[in-house]
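Participant: Starting off with a structure, shown below.
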Amino acid sequence: MGKFCSMKKVVKKDGKEVVVCDDIRSYLLEELQEIQEKEGFISDENMQKTADKFKIHPVEVYSVVTFYSFLTIEKKGRNVIRVSSCMPCEMKGSEGIVEVFEKKLGIKCGETTDDGNFTLEKTSCIGMCDKAPAVLVNDELVGPVEIGDVDKILDRLK
Amino acid sequence: MSKREGPVIFSEIKPLTGLRKALEMSGEAVLEVIKSSNLKGRGGAGFPTGLKWGFAASDSDEHKYVVCNADEGEPGTFKDRVLLSEYPLLMLEGMVIAGYVIGADRGYVYLRGEYKGLKKELERVISEMRENKALGEDILGKKGFNFDIEIKMGAGAYICGEETALIESMEGQRGEPRNRPPFPVNTGFLGFPTVVNNVETMSVVPHILVKGADWFKAIGTEKSAGTKILSVSGDCVKPGVYEVPFGMTVEEVLKMVGAEDTKAVQVGGASGVCVGKDEFGREISFEDLPTGGSFIILNSGRNLLDMVKNFLEFFNEESCGQCTPCREGVPVLIEGLELIKKEECNERYLKDLFSLCETLQCSSKCGLGQSAPNAFVSVLDKFKDEYKLSTKIKKETVFNGQ
């Protein structure tokens, strides 16, 4: 696990010598994020593999995966569209944007299209309140989104 | 650098001059400057930065960490997005200075998952700093001072903005807050002394070093030195990010952003308070109206109960579920709010709800639970015209079957 120990150093802690290599466990989230990005979810098999790699129980991996909303045990679409539902976005009509996405994709919020191309979700504030209503398209912050922009966003990803 | 204007963070400064200035002095001398500048944490809690750094500096552990909290998640807050994308060097420079003061050789930026798009540019700036010897070994020629910065990504959890939850998350755990004490300044990341500061706080530091503590203290009010960066959204002509000196009134802010017909302003996001017209004279400062910077403006056409519902649902979603008052209390408040909206809540039950709010405020483990009922309390307490209570006494709406 060479890549994990970017800085090795022996220091004294409470009278004992400790090797500080930015503890391996602290790279668990990064590992899981990589799997999520590649596979679209974290399968039981991958949880077991990760657990073996980090020498922890798979249940611990499961507990971490289920805590974070960007890590999932269900397969997500290749593209994840998250519409901000926080107050400033709601005030500027985010509900309407969700409805248009639902209609265009033929799915309800929280679902994935049959071809596995799109997942539609609502999310808490994404820090785009000055450009409300805003949408997080994969890693990209988009806003303000008008009803007419929905097609453009979807076309770009198809 | 950019065309934004402001008294402190958005004022002119040459790259790396703050760090150069710091390295000319001893770590203790830099700490004295920060202490005397009266800089307080900009994340919301307002803890004196000099004091925090001092605790970490005086800890006898020889290994320490600096962490920049870029997990901005408070609804209505987006100032850090602007700082990270337009002024990344200022924040990183502040982190190196913090490392110099406390004696750390490693820093982390904990970036929220939603801002993943900003990571690439941040990494570019970091590697540019390495090339310019502003990161790495013997920084800017200062023998023996080594410091490097790495970015850690969050994964979509609001609670990780709380510093102990953030540290848990950095360690690869569930982002559940720790009991305090011990505080992170003594027992932080991996058990080592760790200074956690907000993006805005870090970005102020280079300015203070270049321009002096007295210059900084001259801006703002007596107890709140400097400026606050506001994230203004909602019903106004010019939403956006503004740097204003402490002491500015709500009214002045509203005028500046072109807000008319304003009924109320939610100050401080979902965990903040709602202020009405009669309070528009209040000043933004740690002593009067403290805020992490979020200003959500609501005009007379808005229903404040809808806003409270939005916020409570947010807290319900984001509660880590670790402690009972927060996990179980918030859903009861949502139910109660539904009753109020349907005009089916009587005075007695409202009293019960208020007492539940008090329970949340005083017995939740972390800031999330403690501030979850804030919007509920401030709206229902101050905006009595917004709702009508029922006069009927309904058995099922009373606690404990009384």
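Participant: Using the Karplus curve 6.51 cos²θ - 1.76 cosθ + 1.60 with θ = phi - 60°, work out ³J(HN,Hα) for each residue of region B:278-283 in order, rounded to whole Hz, and write x for Gly and Pro.
Facilitator: 5, 10, 5, x, 5, 9
Participant: Filter the cross-link list A:38/A:75; B:217/B:238; A:13/B:52; A:75/B:119; A:104/A:152; A:122/B:263 down to pairs whose alpha-carbon distance in this structure exceeds 18 Å.
Facilitator: On the way: A:38/A:75 11 Å; B:217/B:238 29 Å; A:13/B:52 21 Å; A:75/B:119 25 Å; A:104/A:152 12 Å; A:122/B:263 28 Å.
In this structure, B:217/B:238; A:13/B:52; A:75/B:119; A:122/B:263 lie more than 18 Å apart at Cα.
Participant: Express in whole angstrom the spacing between the alpha-carbon centres of region A:6-78 and region B:168-237.
Facilitator: Cα centroid of region A:6-78 versus Cα centroid of region B:168-237: 27 Å apart.
Participant: How high is the relative contact order of chain A, given as a whole-number percent (alpha carbon pairs under 8 Å, six or more residues apart)? All intermediate terms of the calculation are to be shown ahead of the outcome.
Facilitator: Working: 229 pairs, mean separation 26.6, N = 158.
Worked out over chain A, it gives 17 percent.
Participant: Compute the helix-to-body angle for A:28-39: its Cα long axis versus the longest principal axis of chain A, expressed 0 to 90° and rounded to tens.
Facilitator: 40 degrees
Participant: Taking H placed 1.01 Å from N in the peptide plane, check which residues at least 5 places from residue B:228 or on another chain put their amide H under 5 Å from its amide H.
Facilitator: B:244, B:246
Participant: Placing +1 at every Lys and Arg Cβ and -1 at every Asp and Glu Cβ, with all other atoms neutral, what dipole size does region A:79-157 have around its Cα centre, in debye to the nearest 20? Kindly include the intermediate steps, with their values, before the conclusion.
Facilitator: Numbers: 9 positive and 15 negative charges, 27 e Å.
That gives a dipole near 120 debye.
Participant: Then there's this: To the nearest 20 debye, what charge dipole does region B:248-402 have about its Cα centre, counting +1 at the Cβ of each Lys and Arg and -1 at the Cβ of each Asp and Glu? Spell out each step's value before the answer.
Facilitator: Numbers: 18 positive and 25 negative charges, 97 e Å.
The calculation lands at about 460 debye.
Participant: Go through region A:72-77 residue by residue and turn each phi into a ³J(HN,Hα) via Karplus (6.51, -1.76, 1.60, θ = phi - 60°); whole Hz please, and just put x for glycine and proline.
Facilitator: 9, 9, 9, 5, 9, x
Participant: Could you pull out every residue, at least 5 positions away or on a different chain, whose amide H is within less than 5 Å of the one on residue B:172? Hs are placed 1.01 Å off N in the peptide plane, and Pro or chain starts have none.
Facilitator: A:29
Participant: Is region A:62-158 rounded, prolate or oblate when judged by the Cα gyration tensor, a ≥ b ≥ c being the square roots of its eigenvalues, rounded requiring a/c under 1.5 and prolate requiring a/b larger than b/c?
Facilitator: Values: a/c = 1.89, a/b = 1.21, b/c = 1.56.
Oblate shape, in that a/c is at least 1.5 and b/c is the bigger or equal ratio.
Participant: Further, regarding this structure: What number results when the radius of gyration of region B:17-217, computed over Cα atoms, is divided by 2.2 N^0.38 Å?
Facilitator: Relative to the 2.2 N^0.38 Å estimate, region B:17-217 comes out at 0.94.
Participant: Given A:147, A:112, A:87, which one lies farthest toward the positive end of the charge dipole of region A:79-157, if we put +1 on the Cβ of every Lys and Arg and -1 on the Cβ of every Asp and Glu?
Facilitator: A:87
Participant: Let me test this: with uniform point scatterers at the alpha carbons of region A:38-80, what is the Debye-based log₁₀ I(q)/I(0) at q = 0.27, 0.28 1/Å?
Facilitator: -0.94, -0.98
Participant: Moving on to the next point. Please work out whether region B:264-402 counts as rounded, prolate or oblate from its C-alpha gyration tensor, where a ≥ b ≥ c are the square roots of the eigenvalues and a/c under 1.5 means rounded, while otherwise a/b larger than b/c means prolate and anything else oblate? Don't skip to the end; give the middle numbers.
Facilitator: Numbers: a/c = 1.98, a/b = 1.24, b/c = 1.60.
Oblate is the answer for region B:264-402, as a/c is 1.5 or above yet b/c matches or exceeds a/b.
Participant: By the gyration tensor of its Cα atoms, with a ≥ b ≥ c the square roots of the eigenvalues, what is the shape of region B:297-374: rounded for a/c under 1.5, prolate for a/b over b/c, or oblate?
Facilitator: It is oblate, given that a/c is not under 1.5 and a/b is not larger than b/c.
Participant: Please work out how much length the chain gains when fully extended from residue B:384 to residue B:132, using 0.36 nm per residue of separation minus the C-alpha to C-alpha distance, in nm with one decimal.
Facilitator: Difference between extended and current length: 84.8 nm.
Participant: Fewest Cβ neighbours within 10 Å first, please rank B:19, A:28 accordingly. Can you show the working numbers first?
Facilitator: Numbers: B:19 28, A:28 22.
Final ranking by Cβ density, sparse to dense: A:28, B:19.
Participant: Can you sort B:207, A:57 by how many other beta carbons sit within 10 Å, fewest first? Kindly include the intermediate steps, with their values, before the conclusion.
Facilitator: Details: B:207 26, A:57 10.
Final ranking by Cβ density, sparse to dense: A:57, B:207.
Participant: Under the rule of at least 5 residues apart or a separate chain, name every residue whose amide H is placed under 5 Å from the amide H of residue B:43.
Facilitator: The answer is B:198.
Quick note: the coordinates plus some simple rules give every number you see, no bench work behind them. What you are looking at is a predicted structure, and each value in this text was computed from that prediction instead of being measured. So basically every Cβ, Gly included, is an ideal-geometry build from the backbone, and we count neighbours across all protein chains shown.
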